[in-house]
Amino acid sequence: MAEPTAGPLAESTAAPVAAPSTDPAAGTRARPETLARAVGVTRRYGDVLALDGLSLDIRSGELVGLLGPNGAGKSTLINLFVGLRKPSSGRVELLGGSPADPARRRGIGVTPQETGLPATLRVREVVDFVAAHYPRSVERGALLERFGLSGLERRQIGGLSGGQKRRLAVALAFVGDPRLVFLDEPTTGLDVEARRSLWEAVRHFHAEGGTVVLTSHYLEEVEALAERVVVIGQGRILADGTTAEVRDIAGVRRVTLTAGDLPELPGVLSAERDGARTHLLTTDADTLVRALVRADVPFSDLEIRPTSLEEAFITITARPSRAA
Amino acid sequence: MALLLTHTRYQLLETVRVPIALVGNAFFPGAAMLFFVVPAAGDHPVGATIAAASMMTFSVMTSGLFTHGLGVAEDRAQPWDPYTRTLPAGPWPRFGARILTALGMTLIGILPVLAIAVFLTEATATPLQLLLGLGALVVGSIPFQLLGLFIGYALPMKAAVAVVQLLFFPMAVGGGLLTNPMDPPAFIAAVAPFLPSRGAAELVWAAVGYNTPRPLTMVMFGVWIVVAGALALWAYRRDEGNRFS
């Protein structure tokens, strides 16, 4: 618990406050600015620890994917950033102030959970209702067109299909011409085509300079959209890096065999004995097996399985020294 | 201010789009007026006026209890409610809109009673009395709005429905709204001064020119406002604390 909350790739977030200039991504953009920041944030619900001393900076122009299993703390983190909850300890900043300050929230957009849109209101009305809160808002027709909702202005929300409701919910995040949007599970329940058109809308926003934080438990979605991936598990950041770096970590394999004492083997991230069986986690199972054969140690019942992303990360963070 | 009006407009829209809610709100006082007051006291100017005032008080009471008690409990169950809290507005536009919406519903609720009183009975009131009566109805609605907010913020939807229904009928009967205030049954005469429904009714009766409010009733009316206000505030804070702190 005393270890830094960040995983092997999380140089920038392991430091309590990462100055923008030390970030490797900083060079690619003109003067990135920290739009949202969590510093040593812990959040408890009764006995449950949802966030455990987590620190994270979101900089302008980033498209950040928060990845992790259900209950990892992703939604809690988003709720802290958008001012719905306060941290039990630690500090959360939004656009240079507190998320509890409505003036700060003028610069952000949030997606409501799809099931909650008021069924009796019309599409046009709910967009206008949200727009009324912002000093300037995007043009309604263009917004609806971008999210594939053209021609539905006068429809009551209760009469929309599930996919249309979901797209409307995501579109609402963009109504107030925000600098930063938080999209919590934006494409849950959408078919492939709708998902891709929604991704296109998010990319369009990002290409015009917008900053995006999205959560997902689909690795595919995060891979398709995000430039920076932050993996969260058990309330902590397990890894923080580019999509490619995280994909490499996702390539971790579990090699299981029955053997006696094993020699030093290349690329072993962690080793664990379970009775007669030895479990080895590695990013390169081929090299490991070749080395195992060359070392001429007796073994039997060799088994190679892919690990889940979470399993890989949890194993890695549990043994930070081996993973380095 | 602009946001308060925006929130009020959309809350009213949401309410009006389910017309049965309006009908429910206006039906019972209107029906009671039509079936009990018109045949029994319709020809009697004083009796009809007092009874119409009682029915309007009854309507104000149900509007306050139901609009908030059920409306808030229902909203709390929807994810839309937390979403609106992420919009750049403090809690006041939404909260203020609740009060204005309930007042709007109250007005809609008393219109049928007023219409029946004017067209089908001998009830009379000068324009000034009518205006005073409206003011008294708004004041009279305060403890019921607060009780409704308390119930809505403290209880889940199903419990709120039950509690509101359990509460409003004894209050109406016990406060003497459904009986002749000049010659009430002994039981009602005993409990009425301690109920907020009586305080509200005495204010409205006085506004249209009958009797002066009794001190005990007024004190108890004040006590109800303070207690219901404290309970509503407590439940609101507790709810916000549970879900948003």
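The values are calculated or read from the model by the stated rules, or taken from the named source; none is laboratory data. Keep in mind that what you see is a predicted model, and the values were worked out from it rather than measured. Note that each Cβ is placed from the backbone with ideal geometry, even for glycine, and that neighbours are counted across all protein chains shown. In case anyone asks, the SASA skips ligands and DNA or RNA and just uses the protein heavy atoms, side chains included. Shrake-Rupley method; radii C 1.70, N 1.55, O 1.52, S 1.80 Å.
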### Query
Can you name the residue in the stretch B:163-200 that is under 19 Å from B:MET56 (Cβ atoms) and polar (S, T, N, Q) and is also least open to solvent (accessible area, probe 1.4 Å) among such residues?
B:SER197
### Task
Please identify the pairs in which a residue from the stretch B:176-194 that is under 14 Å from B:PRO213 (Cβ atoms) has its Cβ atom under 8 Å from the Cβ atom of a residue that is of a type in the set (Phe, Trp, Tyr) and part of a helix (DSSP H, G or I), counting only partners at least 6 apart or on another chain.
B:PRO181/B:TRP205
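Which residue, of A:GLY209, A:GLY176, is touching a His at 6+ places or on another chain (Cβ under 7 Å) and either over 23 Å from A:THR76 (Cα atoms) or within 14 Å of another protein chain (Cβ to nearest Cβ) (or both)? Steps first, please.
Details: A:GLY209 fails: touching a His at 6+ places or on another chain (Cβ under 7 Å).
After ruling out the rest, the residue left standing is A:GLY176.
So, B:TYR83, is that one in contact with a strand residue (DSSP E or B) (Cβ under 9 Å, 6 or more places away or on another chain) and either of a type in the set (Phe, Trp, Tyr) or open to solvent by 20 Å² or more (accessible area, probe 1.4 Å) (or both) or not? Break it down into steps so the answer makes sense when it comes.
Values: in contact with a strand residue (DSSP E or B) (Cβ under 9 Å, 6 or more places away or on another chain): yes; either of a type in the set (Phe, Trp, Tyr) or open to solvent by 20 Å² or more (accessible area, probe 1.4 Å) (or both): yes.
Criteria met by B:TYR83.
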### Query
In the stretch A:97-110, is there at least one residue being within 14 Å of chain B (Cβ to nearest Cβ), in contact with a helix residue (DSSP H, G or I) (Cβ under 7 Å, 6 or more places away or on another chain), over 25 Å from B:HIS7 (Cβ atoms) and crowded, with 16+ Cβ neighbours inside 10 Å?
no
### Query
How many residues are free of Cβ contacts under 8 Å to residues at least 24 places away in the same chain and of a type outside the set (A, V, I, L, M, F, W, C) when one looks only at the stretch B:92-125?
0
### Restricting the stretch A:132-144 to residues that are within 27 Å of the chain's Cα centre (by Cα) and away from chain B (no Cβ under 14 Å), the residue that is nearest to A:ASP177 (Cα to Cα)
A:VAL138
### Summary
Flagged in the stretch B:201-243 as open to solvent by 50 Å² or more (accessible area, probe 1.4 Å) and among the β-branched types (Val, Ile, Thr), in numbering order, are B:THR212, B:VAL219, B:VAL223, B:VAL226, B:VAL227
### Query
Counting just the residues of the stretch A:145-169 that are within 12 Å of another protein chain (Cβ to nearest Cβ) and in contact with a strand residue (DSSP E or B) (Cβ under 9 Å, 6 or more places away or on another chain), which one comes out least open to solvent (accessible area, probe 1.4 Å)?
A:ILE157
### Query
Which residue, of A:ARG167, A:ARG124, A:ARG140, A:ARG196, is basic (Lys, Arg), in the same structural domain as A:GLY73 (by TED's automatic domain parsing) and farther than 30 Å from B:LEU4 by Cα?
A:ARG196
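Yes/no per residue for (1) at pLDDT below 90; (2) polar (S, T, N, Q); (3) not in a loop (DSSP other than H, G, I, E, B):
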residue: B:SER54; (1), (2), (3): no, yes, yes
residue: B:GLY69; (1), (2), (3): no, no, yes
residue: B:PRO82; (1), (2), (3): yes, no, yes
residue: B:ARG98; (1), (2), (3): no, no, yes
residue: B:VAL118; (1), (2), (3): no, no, yes
residue: B:LEU132; (1), (2), (3): no, no, yes
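Residues checked against (1) within 26 Å of A:ARG203 (Cβ to Cβ); (2) assigned by TED's automatic domain parsing to the domain that holds A:ARG37; (3) modelled with pLDDT under 95:
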| residue | (1), (2), (3) |
| --- | --- |
| A:ILE58 | yes, yes, no |
| A:LEU66 | yes, yes, yes |
| A:ALA72 | yes, yes, yes |
| A:GLY83 | no, yes, yes |
| A:LYS86 | no, yes, yes |
| A:GLU93 | no, yes, no |
| A:GLY96 | no, yes, yes |
| A:PRO102 | no, yes, yes |
### Query
Which number in (1) modelled with pLDDT of 90 or more; (2) open to solvent by 20 Å² or more (accessible area, probe 1.4 Å) marks the one condition that B:VAL23 misses?
(1)
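If you go through the stretch A:87-98, how many residues are free of Cβ contacts under 8 Å to residues at least 40 places away in the same chain and touching a strand residue (DSSP E or B) at 6+ places or on another chain (Cβ under 8 Å)?
Taking the stretch A:87-98 first, the residues free of Cβ contacts under 8 Å to residues at least 40 places away in the same chain are A:96-98.
Filter again for touching a strand residue (DSSP E or B) at 6+ places or on another chain (Cβ under 8 Å), leaving A:98.
Of the residues in that region, 1 qualify.
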